[in-house]
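In what follows, a single structure is set out as structure tokens and then discussed.
The values are calculated or read from the model by the stated rules, or taken from the named source; none is laboratory data. Just so it is clear, the model here is predicted, and its values are computed rather than measured. Every residue, glycine among them, receives a Cβ derived from its backbone with ideal geometry; neighbour counts consider all protein chains shown.
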Amino acid sequence: MIKKKTKKSSYLTIINDLSEDIGISKEETKSLVDVALSATDPRDVNYKQLKEEIITFLVINIFFLISKL
């Protein structure tokens, strides 16, 4: 029970942290996290690493879009 609660709180924490760090709404951040989790098993996810990977992915894509201009 405690582990399940911890995973849920980690999920909510990553949504809140990314929303604040990136500056987008929590609904958009939730969609982003859900897409990232859809390719993996949510039981084996390291949420700190997932947050870093999402931020890295966004930064790379932003630079790619800027370079296309």
The lone condition Gln49 fails out of (1) touching a helix residue (DSSP H, G or I) at 6+ places or on another chain (Cβ under 6 Å); (2) closer than 15 Å to Ser10 by Cβ is (1)
Would it be correct to say that Ser9 is among the small types (Gly, Ala, Ser), loosely packed, with under 14 Cβ neighbours inside 10 Å and modelled with pLDDT under 85?
-> yes
Out of the residues in the stretch 26-69 that are of a type in the set (Ser, Thr, Tyr) and at pLDDT 90 or above, state the one that is farthest from the chain's Cα centre (by Cα).
-> Ser67
Note on the stretch 17-27: residues surrounded by 13 or more Cβ atoms within 10 Å (Cβ to Cβ) and either in contact with a Phe, Trp or Tyr (Cβ under 6 Å, 6 or more places away or on another chain) or free of Cβ contacts under 8 Å to residues at least 12 places away in the same chain (or both) are Ser19, Ile24, Lys26
Within the stretch 29-46, can one find any residue that is surrounded by 10 or more Cβ atoms within 10 Å (Cβ to Cβ), among the basic types (Lys, Arg) and free of Cβ contacts under 8 Å to residues at least 12 places away in the same chain?
-> no
Hits in the stretch 49-69 - residues which are among the charged types (D, E, K, R) and touching a residue at least 12 places away in the same chain (Cβ under 8 Å) = Lys51, Glu53
